[in-house]
Every structure is written in C-alpha cells, then in structure tokens.
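Everything on this sheet refers to the single structure shown next.
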Amino acid sequence: MRVGIVGLGLIGGSMAKSIKARTGHSVWGIDLDSETMMMARMCGAIDGALNEETLAQCDLILAAVRPRAAVRWVKDHAAQISRSAILVDLCGVKRTVVEQLTPVAEEFGFAYIGGHPMAGKERGGFTSSSEDLYVGASMILTPDKRTDMKLLETLQAFFLDVGFARLTFSQPEEHDRIIAFTSQLAHIVSSAYVKSPEAQRRRGFSAGSFRDMTRVARLDEDMWTELLLDDADFLTGELNVLIGHLEEYREALENRDAQRLHDLLKEGRELKAAAGGN
C-alpha cells in the first residue's frame with residue numbers, strides 16, 4: 001500500500017517511522033519545514049516527497065497537522081486525491097474537521113474518516129517522533145453511515161500493523177466531549193499549576209507528583225490554542241465541574257473541617273479505584 005502523510009511532526013513522523021519499521025508499505029511525506037523533510041529522507045522514514053504525482057498514487061492519506069491546516073490542505077488538494085483512496089485526519093478534535101471534510105470527500109469521490117491516535121509526548125516535532133509511539137495505544141475512528149465495512153477492515157489491519165493495540169469507534173461529538181476531560185482539561189490544569197511562584201522555588205522539594213502534574217505544561221501553545229477553542233463548549237463545562245470540586249476542598253481547609261476533607265479525599269480515591277486504568 002502507498003501511504004501519504006501530511007505533516008511530519010511528532011504524530012506524522014512517528015506514523016512514518018512506524019510504517020517503515022513494521023510494514024512493507026511505501027511512505028510519501030510532506031512538511032513545511034525543509035530540515036524535517038531532509039531528516040525524514042535521511043533516516044528512511046519516507047520514500048520521497050508527497051507531491052501531485054505521488055499523491056495521486058496514494059491508497060491511504062494521513063493528515064497529521066492542526067485542524068485548520070488539515071482542512072485547508074485537503075480542500076487545496078482534493079482534486080489530486082484518487083477516488084479509490086482513503087483519507088484519515090489525525091487531528092485532536094473531530095467535530096469541526098469532520099463537518100468540513102465530509103462534504104469535500106463526497107464531492108470528489110474519495111473515502112474519508114476522522115481519526116485520533118491516543119498517543120503523544122510533551123515535546124513535538126520530527127526529532128521527538130519514534131517508531132514505537134503507538135505501541136499499545138488506542139486509535140479512535142469516527143465512522144458514519146457512509147463508512148463501509150471493507151474500509152474499516154482495511155484501516156483496522158493497517159493501524160494494528162503499525163503498533164496500535166485496538167481501534168475505538170466514536171461519533172465526533174462524543175469524541176470531543178470525552179477528550180475535553182481526558183486530555184484538554186489536563187493540559188489546562190498543568191499550565192495553570194506551574195504559574196504558582198512556588199514552581200520556581202521548588203528545587204529539592206519536588207518528586208513524582210510534581211513531575212506528573214507539570215509534564216504536559218511543556219506544550220505547543222499555538223496548536224493547543226486551536227484545539228481548546230475548537231472544543232470550548234465541552235471544555236468549559238469540564239472546567240466548571242473541576243472548579244466546583246476545588247471550591248469544596250478549599251472550603252474544608254478554610255474551615256479546618258477534618259471530617260469533610262477526609263470524606264472528599266476518600267471519595268476521590270474510591271472514584272479512581274472504580275474507574276481503573278492509569
């Protein structure tokens with residue numbers, strides 16, 4: 001299979017490396033950064049540049065760039081995409097992308113499905129990409145009534161081959177609602193947490209809990225501004241819930257209410273245990 005990858009940062013670069021390491025597929029990539037293109041070629045992550053000629057030959061196209069850039073690229077290149085090709089966007093939000101790309105795919109006759117690989121690192125770019133980023137991860141896909149079983153079987157085989165442990169199916173709205181809590185809220189909390197003056201005076205006093213809380217504060221603010229605004233409705237709701245719970249802890253502390261604080265901590269522990277997982 002001939003795979004085209006748009007964007008060779010952490011996500012796209014890791015996808016290219018995973019494909020070349022684990023399958024016999026050819027990979028054609030494109031990135032705005034010329035140095036990234038050179039590194040991708042030199043390390044064998046791509047077989048060559050994704051251009052008008054190679055794009056027309058691709059069986060699968062993965063758009064691994066920010067939502068607006070993904071939509072813009074697909075609209076600009078839709079005429080060059082083969083009618084037999086499958087397009088999958090790998091954006092971190094789904095509603096805004098799916099709503100805009102579905103009619104484009106229908107107009108030009110190629111298959112399209114929204115996707116989101118549930119894997120990442122706090123540092124981005126091709127230099128941070130790796131062939132094992134997706135090992136054991138979940139790949140989310142958002143099929144609709146036009147998605148046929150053969151397409152899903154093709155994508156399942158492909159994503160499992162490159163290291164994913166499972167495919168998870170979701171609707172775009174459900175995806176964005178859940179991801180607001182599981183990913184986006186954590187990034188906001190981490191960003192806000194490190195703004196305490198104590199964060200600069202913590203040397204010698206920090207351990208695992210501090211590292212866990214601050215890891216994702218080292219983010220790409222351009223990308224995350226776009227992602228958070230695209231999911232602002234669900235994310236605002238999650239923030240309101242969190243703020244409400246924080247107020248309960250603050251009230252218990254201000255009142256020196258040991259029993260209330262104990263109950264809040266116990267409730268959190270029990271909910272974590274019931275939820276299971278990491």
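The values are calculated or read from the model by the stated rules, or taken from the named source; none is laboratory data. Source: prediction; values computed, not measured. Backbone-built Cβ (ideal geometry, glycine too); neighbour counts: all protein chains shown. Just the protein is used for accessible areas: all its heavy atoms, side chains included, with ligands, DNA and RNA removed. Shrake-Rupley method; radii C 1.70, N 1.55, O 1.52, S 1.80 Å.
Summary of computed values
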{"item": "Rg(Cα) / (2.2 N^0.38 Å) computed for the chain, rounded to two decimals", "result": "1.13"}
{"item": "Contour excess over end-to-end distance, with Cα ends at Glu53 and Arg166 and 0.36 nm allotted per residue", "result": "37.4 nm"}
{"item": "Point-charge dipole on Cβ atoms (K/R +1, D/E -1) for the chain, about Cα centre, debye to 20", "result": "820"}
{"item": "Label-point separation in nm, Thr147 to Arg123, each point 7 Å along Cα→Cβ", "result": "3.4"}
{"item": "Restraint check, Lys17/Lys195; Lys94/Lys121; Lys121/Lys195; Lys17/Lys272; Lys17/Lys145, Cα-Cα greater than 27 Å", "result": "Lys17/Lys195; Lys17/Lys272; Lys17/Lys145"}
{"item": "Helix axis angle, 10-22 relative to the chain longest principal axis, alpha carbon, degrees", "result": "60"}
{"item": "Whole-percent carbon and sulfur share, accessible surface of the chain, 1.4 Å", "result": "52"}
{"item": "Antiparallel bridge percentage (DSSP; both residues within segment 1-155; nearest 5)", "result": "15"}
{"item": "Sum of -39500 (n - 2.57) over DSSP H runs of 4+, divided by residues of the chain (222 nm, nearest 500)", "result": "-15500 deg cm²/dmol"}
{"item": "Percent antiparallel among DSSP beta bridges (both partners in the chain, rounded to 5)", "result": "15"}
{"item": "For the chain, built as a Gaussian network whose Cα springs stay under 10 Å, the top-fluctuating residue of His175, His77, His245", "result": "His245"}
{"item": "Segment Ala21-Gln200, extension gain: residue separation times 0.36 nm, minus the distance between their alpha carbons", "result": "60.3 nm"}
{"item": "Where the chain is the region considered: accessible area per residue in Å², 1.4 Å probe", "result": "55"}
{"item": "Stretchable slack from Val241 to Arg260, in nm (0.36 nm times residue separation minus alpha-carbon distance)", "result": "5.0 nm"}
{"item": "Percentage relative contact order, the chain, counting C-alpha pairs under 8 Å, at least six apart", "result": "16"}
{"item": "In segment 207-278, the trypsin sites (Lys or Arg not before Pro) that fall in loop regions by DSSP, at most 11 other Cβ within 10 Å", "result": "Arg256"}
{"item": "Choice from Ala258, Ala180, Ala69 with maximal GNM fluctuation in the chain (Cα, 10 Å cutoff)", "result": "Ala258"}
{"item": "Listed residues Met149, Met37 arranged by accessible area, highest first, probe 1.4 Å", "result": "Met149, Met37"}
{"item": "GNM flexibility winner over the chain from Val71, Val88, Val194 (Cα, springs under 10 Å)", "result": "Val194"}
{"item": "Rounded Å value of the spacing that divides the Cα centres of segment 1-52 and segment 160-178", "result": "22"}
